[in-house]
Structure formats: C-alpha cells, structure tokens
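The values are calculated or read from the model by the stated rules, or taken from the named source; none is laboratory data. Because the structure is predicted, anything quoted here is derived from the model rather than measured. Note that we place each Cβ from the backbone using ideal geometry, even for glycine, and neighbour counts take in every protein chain shown. SASA here: full protein model, heavy atoms, side chains in, ligands and nucleic acids out. Shrake-Rupley method; radii C 1.70, N 1.55, O 1.52, S 1.80 Å.
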Amino acid sequence: MTYKTRFQYLLDKARDIAQAQSAQNPKLPPLFFFTDPKRTPHPEDIAVHMPAGCGIVYRHFGEGHASQRARLLRKIARDNDLTLLIGEDEALALEIEADGVHLRQASIDRAAGLKAAHPDLILTAACHDAETLRDLDTDSGLSTIFISPVFASHSPSAEGVAPLGIKGARDMADLSSLPVYGLGGIGCDNILSLKDTGLSGIGAVDAFKL
C-alpha cells in the first residue's frame, strides 16, 4: 500500500465514522495528522502525500525551526486543501495565518479567551479524563475535543495510561456536548472498529509515518 493509498483509506474510514455521528463538526476534517518531533521529524514530507480534506496539528514543542516549518506546512496545506492547526502556540498560528490552535488539556481554560479575541480561529483541545470532558460545554470556545489514548500508544503522554478501548471511547463520547475525536494508537488495522463509538473523527501519529 502506497503512502497516498494508506492515507486515503484512513480518510475514507474517518469519514464513515463522522457520518455515523450526528454531532460531527462541519468546520473540521474527519482525519488529523498529529506531528511529533521524534516520531515524525519531517512532517512536511508526510503532508505532501495527504489527500485533500485532511487536517494537520503541528506540535513543535519548542523546536528551533518551528516558524520555518510552520510556514512550509501552511503552504502545503493551502496548496492541497488541508486544515492546519498549531499546537499550543497561538502567536505562531496568527503569524502564519494557520486555521487554528490545538491546546493541551492543561490549557483548556485559555480557549474561551482565545475565541473571544480571535473568533475566526478553530480551537480544539486534548482531554484525558471524564471529569474534564463532562464539565466542557459549547461556551468553552472549543470546536472539538480529542480524547486519548483510545488504543495503546507510543506517545509520551500515554505512558502508564490504560487505553480507553472501544467501550471507553464510546462512554467518553456520550459524556460530551462537543464533538469528540479519538487519538492514540489508531491505524489501518483498527480504525473500522470505531465506527459505532459516537466519535466524530480521528487523529493519528504513527499511522502517517513514512
């Protein structure tokens, strides 16, 4: 399976998942590539293979060439009809005219202020526990929540954390008044199992590795 074929398969199945959920978010694509400096050190090489209608969350974690890489990803996104979000860094997102910002769970409280100051920005956030998810509502400023890890993941944030699994993902989706995406360990081998979980889309890291 070529890169483009694999990515198109993931997009098609993510669309099936979104279409099965009445709360899908029309502002966001159903499939997001989450960058990781260690696992995907050259995300631009992946982005050029992504089919139109996908999204990218560029998480630079303070890397030295963040601005240059973000600008390159912005160009690729514009040329290929991709949505680009910048992790945690609204200043960089505004500088390069990205589509939005993705926040850590610890930064969720920033969302309402960001939305008020920059209403055109798409805002998403990570969420790892039911209590936080239950407390969020449509006034939070967020468009979508990414719950994780759905399956066993190589992400540092998933270390020592039990995967949600199918039932856990469904339970989390049921708690939320916002559209919920799944993240963590999702790939071609298990994406089909998420169709009836109530998720509105998915995010992945390793599934996009070249």
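Under 5 Å between amide hydrogens, built in the peptide plane, is the criterion, and for PHE146 it picks out ALA125, ALA126, CYS127, TYR181 among residues at least 5 positions away or on other chains. Within the listed set GLY185, GLY64, GLY168, the Gaussian network model of the chain (springs between alpha-carbon atoms below 10 Å) gives the highest mean-square fluctuation for GLY64.
Just from its helices, what would the mean residue ellipticity at 222 nm be for the chain, if runs of 4 or more DSSP H residues each count -39500 (n - 2.57) and the sum is divided by every residue, rounded to the nearest 500 deg cm²/dmol?
Values: 7 runs with 68 residues, N = 210.
It comes out at -9500 deg cm²/dmol, rounded to the nearest 500.
Taking 17 Å as the cut-off, the amide N atoms of the range 33-64 that come nearer than this to a point 7 Å along the Cα-to-beta-carbon line of ASP81 belong to 48-56. Note that the range 142-155 has calculated 3J(HN,Hα) couplings of 8, 8, 7, 10, 9, 8, 6, x, 6, 10, 3, 9, 8, 5 Hz, one per residue in order, obtained from phi through the Karplus relation 6.51 cos²θ - 1.76 cosθ + 1.60 (θ = phi - 60°); glycine and proline are x. Taking square-rooted eigenvalues a ≥ b ≥ c of the alpha carbon gyration tensor, is the range 1-145 rounded, prolate or oblate, where a/c under 1.5 means rounded and, failing that, a/b exceeding b/c means prolate? Since a/c reaches 1.5 but b/c is at least a/b, the shape of the range 1-145 is classed as oblate.
Which percent of the accessible area of the range 51-206 is formed by carbon and sulfur heavy atoms (probe 1.4 angstrom)? Intermediate values should be presented prior to the final figure.
Details: 3500 of 6890 Å².
Percent of accessible area from carbon and sulfur atoms in the range 51-206: 51.
The residues of the chain present an accessible area of 46 Å² per residue when probed at 1.4 Å with all protein chains retained. The range 135-184 and the range 61-111 have Cα centres spaced 21 Å apart. Remark: the chain carries a charge dipole of roughly 540 debye about the Cα centre, counting +1 on each Lys and Arg Cβ and -1 on each Asp and Glu Cβ.
Total lysine pairs in the chain at Cα distances under 13 Å, for residues eight or more apart or on different chains: 4.
For the range 63-185, the C-alpha radius of gyration divided by 2.2 N^0.38 Å, with N the number of residues, is 1.11. When the Gaussian network model of the chain links Cα atoms closer than 10 Å, the mean-square fluctuations of PRO51, PRO29, PRO119 top out at PRO119.
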